[in-house]
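Q: The structure that follows is given in the form of structure tokens.
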Amino acid sequence: MRTLTVGLAERSYPIIIKEGLLAEIGLDLKERNIAKRYVIISDSHVAGLYGDSLLGSLREAGLDVDLVTFPRGESSKHLATVAELASKLARLGVDRKDGLVALGGGVTGDITGFLAATYMRGIAFVQVPTTLLAQVDSSVGGKTGVDIPEGKNLVGAFYQPKAVYVDSLVLNSLPEEELLNGLAEVIKYGVIYDAAFFSFLAENRQDIISCSLSVLEEVISRCCAIKAEVVAKDEKESNLRRILNFGHTLGHAVEAASNFDLAHGLSVAIGMVAASRLAQAKGLLSEEDTSGIQALIEQYGLPTEIPDNLDRSKIKFYLTTDKKAVSGRPFYVLPTEIGKVTITDDVDEELVDQLL
């Protein structure tokens, strides 16, 4: 078992990583005494895979627990879903001493976190991420939110979980596309923070792709350690934490322009290559490092080019409405070498047009 801590003073919390952890969550929750009862929030697909196991774990520990579901997919990540779930909690009699358990991928974690932040002005919640993307990224750090037609994650809150439980064993049931979806975020950490980790990903690609759990646990642990360190220094993204958005400025715009048909991680992969090319065009990144970043992304079977069928004017619209944009000027995280990045809004529109 690996245990990390997100250090946020009185709001610090553990990230626990272990194969087969799902069966032990009930006992751990009982020991931590986070809430007097729990409601598991999950999408209809994940609930069918792991809902009974998690319900059993909590009930065997003597905890009172219910399970509430919503339709699977990014299309559910909106305010209407939050309102419907809140109504279900009210009908169950959930009060301020109760807690939520987010069981699922990034969509479930974002929705549950935002629901926890707003229901009765805030109740406790924990994360049980079941996708690689959620395990290495979205379950840690307290970003919650939903989409609106004008853009992704434009309505949300910073609201930290009380604990994050990562069971690597669930990755065995993950479809290949979902594994790739998470690997884009994994590669991100190497580019922005850790050149040695970037090399590790290149050297261990086959074990990672084939879901060697011992190697994947090492990958998850390193990603979570980096994110925990960054979040502890800058919880609400005033400065350093913005480096975690590498690939996300253009990636979110591409994702939204595809009507969310293109998965988040695949969109981020495209965004990372685009940001690297922008950095090279501005003289910040060598051609060798640009090629190295693109090569690793390609080696993991991830896309590197914006699909031809996407409307470029839509992409530009979503760039200006990105939640990180100020006065319509998007911020870009640009690599200066593998392992280091800079943040800037000084990117000529003509350069972006050429890239698109």
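The values are calculated or read from the model by the stated rules, or taken from the named source; none is laboratory data. Predicted model only: the values in this text are computed from it and were never measured. Here Cβ is always computed from backbone atoms with ideal geometry, including for glycine, and neighbour counts include all displayed protein chains.
Q: Can you pull out the residues in region 165-206 that are acidic (Asp, Glu) and closer than 28 Å to residue 54 by Cβ?
A: 167, 176, 177, 178, 185
Q: List every residue pair whose Cβ atoms lie under 8 Å apart, where the two residues are 6 or more positions apart in sequence or sit on different chains, the first residue falls within region 143-167 and is free of Cβ contacts under 8 Å to residues at least 12 places away in the same chain and on the phi > 0 side of the Ramachandran plot, and the second residue, located anywhere, is among the charged types (D, E, K, R) and in a strand (DSSP E or B).
A: Pairs found: none.
Q: Then there's this: Tell me, yes or no, whether region 264-279 has at least one residue that is assigned to a helix (DSSP H, G or I), among the hydroxyl-bearing types (Ser, Thr, Tyr) and in contact with a helix residue (DSSP H, G or I) (Cβ under 6 Å, 6 or more places away or on another chain).
A: yes
Q: Can you give me the number of residues within region 22-57 that are closer than 19 Å to residue 108 by Cα and not in a strand (DSSP E or B)?
A: Of the residues in that region, 14 qualify.
Q: Please go through region 103-127 and pick out each residue that is crowded, with 24+ Cβ neighbours inside 10 Å and among the aromatic types (Phe, Trp, Tyr).
A: 114, 125
Q: Would it be correct to say that residue 100 is assigned by TED's automatic domain parsing to the domain that holds residue 75, in contact with a Phe, Trp or Tyr (Cβ under 6 Å, 6 or more places away or on another chain) and surrounded by 24 or more Cβ atoms within 10 Å (Cβ to Cβ)?
A: Yes.
Q: Further question: Suppose the filter is part of a loop (DSSP other than H, G, I, E, B), at pLDDT below 95 and out of contact with any strand residue (DSSP E or B) (no Cβ under 6 Å at 6 or more places or on another chain); does residue 353 pass it?
A: For residue 353, the condition - part of a loop (DSSP other than H, G, I, E, B), at pLDDT below 95 and out of contact with any strand residue (DSSP E or B) (no Cβ under 6 Å at 6 or more places or on another chain) - is not met.
Q: Right, here's the next one. Has region 320-327 got any residue that is in the same structural domain as residue 242 (by TED's automatic domain parsing), in a strand (DSSP E or B) and either closer than 26 Å to residue 135 by Cα or touching a residue at least 24 places away in the same chain (Cβ under 8 Å) (or both)?
A: No, region 320-327 contains no residue that is in the same structural domain as residue 242 (by TED's automatic domain parsing), in a strand (DSSP E or B) and either closer than 26 Å to residue 135 by Cα or touching a residue at least 24 places away in the same chain (Cβ under 8 Å) (or both).
Q: Looking at 255, 237, which is the one that is within 19 Å of the chain's Cα centre (by Cα) and assigned to a loop (DSSP other than H, G, I, E, B)?
A: 237 is the lone residue from the list that is within 19 Å of the chain's Cα centre (by Cα) and assigned to a loop (DSSP other than H, G, I, E, B).
Q: Identify, from the list 296, 284, the residue that is under 14 Å from residue 333 (Cα atoms) and either out of contact with any Lys or Arg (no Cβ under 8 Å at 6 or more places or on another chain) or surrounded by fewer than 24 Cβ atoms within 10 Å (Cβ to Cβ) (or both).
A: Criteria check complete, one pass: 284.
Q: Can you run down the residue pairs with Cβ atoms below 7 Å, 6 or more apart or on separate chains, where the first is in region 342-355 and free of Cβ contacts under 8 Å to residues at least 12 places away in the same chain and of a type in the set (Val, Ile, Thr) and the partner is exposed (fewer than 13 other Cβ atoms within 10 Å of the Cβ) and not in a helix (DSSP H, G or I)?
A: none
Q: Let me ask you something else. So residue 69 ticks every box in (1) surrounded by fewer than 19 Cβ atoms within 10 Å (Cβ to Cβ); (2) outside any helix (DSSP H, G or I) but one. Which box is left unticked?
A: Status for residue 69: all satisfied but (1).
Q: So residue 83 clears everything in (1) touching a Leu at 6+ places or on another chain (Cβ under 8 Å); (2) part of a helix (DSSP H, G or I); (3) hydrophobic (A, V, I, L, M, F, W, C) except one condition, right? Which one?
A: Status for residue 83: all satisfied but (1).
Q: Now a separate question. I'd like to know if region 198-213 contains one or more residues that are of a type in the set (Lys, Arg) and closer than 27 Å to residue 346 by Cβ.
A: no
Q: Can you name the number of the only condition in (1) within 24 Å of residue 178 (Cα to Cα); (2) modelled with pLDDT under 95 that residue 240 fails?
A: (1)
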